[in-house]
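Scroll down for the structure; my scribbles are underneath it.
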Amino acid sequence: MLTTLRIDNIAIIESAAIDFGNGLNVMSGETGAGKSIIVDSISAILGERTSKELIRTGADKAQVTAFFEDIGPNVTKLLYNLGIPTESDNTLHISRTISLDGKNACKVNGATVTVSMLKQLGKELISIHGQHDSQNLLNPECHYKYLDALANNEDIYNDYLEKYSAYSNLYKQFKALSQNEEEKQKRIEFLQHEINEIESAGIRVGEYDELTSKRDLFRNSEKVLKGLQDALSILSDGDDSTGVVNAMFDASKAVEKSAAHYDGAEKLSAEMMDLSYALEAKKGEIESMIYECEFNPATLNEIEERLSFLFKMKGKYGESEEEILEYLENSKAELDTLINLNLSQDEIIAKLEQDKEILLDAAEKLSLSRKHAASEFEVHVKHELTFLDMPNVEISVNFERTKLNPTGSDNIEFLISPNPGEALKPLAKIASGGELSRIMLAIQNVLSQNDNVGTMIFDEIDTGVSGSAAEKIAKVLKSVGSKGQVICITHSAQVASYADNHFVVEKKVQNEKTYTYVTPLDRDGRIKEVARIIGGVNITELQIKSATEMIDSACI
């Protein structure tokens, strides 16, 4: 469960600390106040892609920190597998710092981790549902994922995917054997050329960024040396003056003369002497830095040439050092396949037939599991939609057999009929915005029964819904929150009235700068905020009364 989120210098949020509680946490506020920034910040600590553009104007870095309590056994096991220290009280602390140079610093329980590791953890900690989910719901290519989640198909799917990959690789080998020998030889020579070029380049991950920083340092060498030399001059003795270091030693000795007559002078003198030695050490460091700062124009030229070369390599083989090295490994694997084809064509054909049978069995097992989950899915989602004021909706999962692919052997698509007498049709052609929101919530509520994630975030899941349907959505969110923490971004008075914890997000302009504030609300604050959602800027006594009744009714 996410208990504390701190955001520093993200977009228009200079500094905000949010203490979330159990149950349903609601965040409301005017459009553009910064609610989406909070979701983006949470995504950042979950390892999602982010950008230096998020950094607040005028700041050199941004940081998001999150504190979790009562992490489950899945998270604890993953921490152990990733080599990250665990806390005995089942707490977890994550921080992510984004710098203007585009670099990210990620830490979990004080240990430095990669963004990839952070993303693995994020999947076990929080699930975020919003407009992206709605897009997935409209995309039939994503529908199999919902059935797999309901059926807990991870092991079955991974087994199928492993067999599919093995079969695909063997088929590629078969195709390679079938190539004209002359074409194969040309391909071998081309691969060897590329491999030699990349290997001889000696590319190292992070080198481009390091050289860019070093080049910038060289270009500013005069400023660097002048700053260091000025500092050394201040600390050192000159022809006409005593430097700060010796002056500090002299001051310490002067105070020591008072020790016999003034209590405390001896201690002060000792402390000043320590400072003198510390200053002397810093002076030595500055001298070393000046000595090490050999700004050779020839070295700068070498850096410029290396950067230009790396830029060209990125243009040919990948946008980063990692991609270039991945390209190298893939090329080596292909070259190895071409050079070391030890199986004859007939042997490969026989192996292909054998592996295909194994693959078909795995695909059928996966398909049967999904069909079983589809029956359960149809029943439970319809039940949820009936509660959400869509009693006449019919939902069906359509399966069509297709050629084997990385997702299985079926094209899976959700079909609905929102009204009696209407034929079942694809979601994308039928569902309105409000209906889509409710269908999405119904599905997530069904899936949450098997979800071990401690926190679920719904970003404006109530879009396009009002009246009794909005209240039903609020009750479902409240129900989900009773089983695990829910954080909901909303513009709905009904949803806000059901909150266990309510926060208002406000944007203010001060001294020609924009700031976002996140404030927890007490009962009076909640009433005023719900009244604002109902009526807008000018709140009337009637709206206050309606807001009070809504909140009191939600508590019953």
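The values are calculated or read from the model by the stated rules, or taken from the named source; none is laboratory data. Predicted model only: the values in this text are computed from it and were never measured. We place every Cβ from the backbone using ideal geometry, glycine too, and count neighbours over all the protein chains shown. Protein only, heavy atoms only, side chains kept; ligands, DNA and RNA dropped before computing areas. Shrake-Rupley method; radii C 1.70, N 1.55, O 1.52, S 1.80 Å.
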**Prompt:** What is the set of long-range amide H partners of V113 at a cut-off below 5 Å, with H atoms built 1.01 Å from backbone N?
**Reply:** C106, K107, V108
**Complete:** Put D101, D346, D216 in order of accessible area, largest first, probe 1.4 Å, and you get D346, D101, D216
**Message:** Using only the alpha carbons of region 211-282, what is the convex hull's orientation-averaged projected area in square nanometres?
**Reply:** 6.6
**Prompt:** Using a 1.4 Å probe on the protein chains only, how many percent of the accessible area of the chain belongs to carbon and sulfur?
**Reply:** 49
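Can you figure out the FRET efficiency of K184 with D159, using R₀ = 22 Å and their beta-carbon distance, to the nearest 0.05? Show your work: numbers first, answer last.
Numbers: r = 33 Å, r/R0 = 1.52.
Rounded to the nearest 0.05, the efficiency is 0.10.
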**Prompt:** Hey, what D do you get for region 255-414 in µm²/s if you plug the Kirkwood alpha-carbon radius into Stokes-Einstein at 20 °C and 1.002 mPa s?
**Reply:** 83
**Amide H contacts under 5 Å for F458, placed H, 5+ residues apart** = H129, I487, C488, I489
**Over the chain, volume per residue of the alpha carbon convex hull, in Å³** = 257
**Message:** Can you compute the helix-only [θ] at 222 nm over the chain? Use -39500 (n - 2.57) per DSSP H run of at least 4 residues, normalise by all residues, nearest 500 deg cm²/dmol.
**Reply:** -18500 deg cm²/dmol
**Request:** Rounded to whole Hz and in sequence order, give me ³J(HN,Hα) for region 48-59 from the Karplus expression 6.51 cos²θ - 1.76 cosθ + 1.60, θ = phi - 60°, writing x for Gly and Pro.
**Result:** 6, 5, 9, 9, 5, 5, 6, 5, 4, 4, x, 9
**Asked** How much accessible area does D60 have with a 1.4 Å probe, in Å² rounded to the nearest 10?
**Response** 110
**Asked** Taking the simple approach of a point 7 Å from Cα along Cα-to-Cβ for both K214 and D89, what is their distance in nm?
**Response** 4.6
**Complete:** Computed Rg/Rh for region 144-294 (Cα atoms; Rh = Kirkwood radius) stands at 1.45
**Prompt:** Per residue, how much accessible area does region 294-425 show when a 1.4 Å probe rolls over the protein heavy atoms, in square angstrom?
**Reply:** 58
**Asked** What accessible area per residue, rounded to a whole number of Å², is obtained for region 216-293 using a probe radius of 1.4 Å?
**Response** 72
**Asked** How far is it, in nm, from the label point at Y262 to the one at C555 when both lie 7 Å from their Cα along the line to the Cβ?
**Response** 6.5
**Prompt:** Straight-line reach from K214: which aspartates and glutamates have Cα under 17 Å away, leaving out those fewer than 8 places along the same chain?
**Reply:** D101, E222, E292, E294, E302, E304, E305
**Asked** Are there any helices in the chain, counted as whole DSSP H runs, that stretch 20 Å or more along their axis by Cα and score at least -0.5 on average by Kyte-Doolittle, and if so which?
**Response** 221-235, 265-292, 297-317, 321-339, 345-387, 433-447, 467-483, 541-555
**Fill in**
Flagged as over-length at 20 Å C-alpha distance, from K184/K332; K172/K332; K184/K403; K425/K478; K145/K371, the pairs are K184/K403; K425/K478
**Request:** Tabulate in residue order the Karplus-calculated ³J(HN,Hα) for region 2-17, using 6.51 cos²θ - 1.76 cosθ + 1.60 with θ = phi - 60°, rounded to whole Hz; enter x for Gly and Pro.
**Result:** 7, 9, 9, 10, 10, 10, 10, 6, 9, 6, 8, 9, 6, 7, 8, 10
**Request:** Starting from the residue with the highest accessible area, list R523, R56 in decreasing order, probe 1.4 Å.
**Result:** R523, R56
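Give me the number: length gained by fully extending A333 to Y171, i.e. 0.36 nm times residue separation minus the C-alpha to C-alpha distance, one decimal in nm. Mind showing how you got there, number by number?
Working: separation 162, 0.36 × 162 = 58.32 nm, distance 1.47 nm.
Length difference between fully extended and current span is 56.9 nm.
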**Request:** Taking a cut-off of 16 Å between Cα atoms, list the lysines near K475, but don't count ones fewer than 8 places away on the same chain.
**Result:** K483
**Message:** Can you compute the modelled spin-label distance between T519 and I290, with each label point 7 Å from Cα toward Cβ, in nm?
**Reply:** 5.6
**Request:** Give me the accessible area per residue for region 28-112, probe 1.4 Å, as a whole number in Å².
**Result:** 51
**Fill in**
Amide H proximity to R56 below 5 Å, modelled H, separation 5+ or other chain, gives I10, A11
**Asked** Restricting the count to DSSP beta bridges whose residues both fall in the chain, what percent are antiparallel, rounded to a multiple of 5?
**Response** 75
**Message:** Cross-link candidates for K257: which aspartates and glutamates have Cα within less than 12 Å, leaving aside residues fewer than 8 places away along the same chain?
**Reply:** E266
**Request:** Figure the gain on full extension for T540 and E141 (residue separation times 0.36 nm, minus the Cα-Cα span) and round it to one decimal in nm.
**Result:** 138.7 nm
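Going down the table (K429/K472; K123/K365; K52/K119; K35/K513), which pairs top 23 Å between alpha carbons?
Result: K429/K472; K123/K365 exceed 23 Å.
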